Each structure stands twice: as structure tokens, then as C-alpha cells.
1. Show me the ranking of peptides 27-40, 122-135 by mean Cβ neighbours inside 10 Å, starting with the highest.
2. Set the Förster distance to 25 Å, then compute FRET efficiency between Met1 and Lys152 from the Cβ-Cβ distance, nearest 0.05.
3. Specify which residue in the list Thr95, Ile72, Ile175 is farthest towards the positive end of the charge dipole of the chain, using unit charges on the beta carbon of Lys, Arg (+1) and Asp, Glu (-1), about the Cα centre.
4. Which aspartates and glutamates does Lys163 reach when only Cα atoms under 12 Å apart count, and residues fewer than 8 places away in its own chain are ignored?
5. If R₀ is 41 angstrom, what is the calculated FRET efficiency for the pair Lys8 and Ala64, using the beta carbon separation as r and rounding to 0.05?
6. Distance between the C-alpha centers of the range 3-39 and the range 63-129? Whole Å please.
7. Put a dot 7 Å past each Cα toward the Cβ at His104 and Glu26; how far apart are the dots in nm?
8. Hull surface divided by four, with the convex hull built on the Cα atoms of the chain: how many nm²?
Amino acid sequence: MSQYKRLKRDLVHKGRIIDYYNDTIEVNGEKTTIFDFIHHNGASAMVPVDDEGKIIMVRQYRNAIDSYTLEIPAGGLNPGEDNKTCAVRECEEETGYKAGEVHHLIDVYTTVAFSNEKIAIYYTTGLTPTEQNLDEDEYVTVERHSVEDLTKMILDGKITDAKTCAAILAYRAKIGQ
């Protein structure tokens, strides 16, 4: 197996959500190469399950793919915030439902080839209706779907968001469907 050693990390651009770096990497003590690296402060997501067993999803426009996606509610960690608190906050902000009992489900790294973004995913039941509290640049519609329908959408390529695919399939395995 090859040996990799980071020799230096140079900041190329500091962004609002991510920081972009060039990493100089030594391979097998013989040569160096440059790897792109995107630093992300982390995020959390929630699988909100209503009293009928349906999952509350959000549909929103995603600039990176110039398309609308169907996703579980999620967002980045605020400074000093833990993952569970972030997931609960994002659930209420995006869906208009306050989480009840919250359980950790799975953690996923979204794109291990070039980013350290890690999303902690939880699920919740016992939801209480409140109000959406969206960010200024956020436009979200709320939908409810069964686990079976969401699984079919994943397998049919209609849901392609990695965190959502991982979360729905992990949740389905957790509840034994």
C-alpha cells in the first residue's frame, strides 16, 4: 500500500460555507503531488417521522446541480453547536415541526475524495407542529412520503442526494422494513 504524507496545506479561498485548499502530498517518499481539499465545519440532518409513519421531506433548489432535490432537513453546524442540537434546529426551521424523541442513526462523509464534510444523521418521532423559520435565501416546500415510496425513488434515481439516500435506507433497516 502506498504511503502518503501531507507536506503543506495552502488556503486558496475562504468561503462562507467551505474553505478550499491545495495540499502538497508526498507519495512513497518519492514524489509530490497536489490534492484539492475542501474543509467543511460539519453538518447534521434529521429523518422526521410523523404519527402516521411518513417521513417529512423538504424540496428545494440546489445551485450546484441547478435542480430541485427532495431531501431530509439538514444544515451546517453553528459555532459551538453540537450535532444533535443542529439536527433538531434544522428540522424545525425547514419543516415547521419540532423534534420529539431524537435518536442517532448514522454518520456519513459526503465526498471523501476531496472534502471532510461529515453529516451526523438522526431520526425523530413525536413531532410538534410549529412554524418554518427559513434562512433569507432558503425556499423550501414540505412533503410527506412513506419509507417504501422514498426507497423506490432512491432506487429509481429520483432521489440522488447522498445524505438522504443513506438516511432513508438506514432508517428503513433500523425499523426492519
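Since every read-out is calculated from the coordinates, none of them should be taken as a lab result. All of these numbers come straight from a predicted model, not from anything done at the bench. Backbone-built Cβ (ideal geometry, glycine too); neighbour counts: all protein chains shown.
1. The peptides rank, most packed first, as 122-135, 27-40.
2. On the way: r = 40 Å, r/R0 = 1.58.
Between Met1 and Lys152 the formula returns 0.05.
3. Going by the Cα projections, it comes out as Ile175.
4. Glu71, Asp107, Glu117
5. 0.90
6. Centre-to-centre distance over Cα atoms comes out at 28 Å.
7. So the two model labels end up 3.6 nm from each other.
8. Numbers: hull surface 49.4 nm².
It is 12.3 nm².
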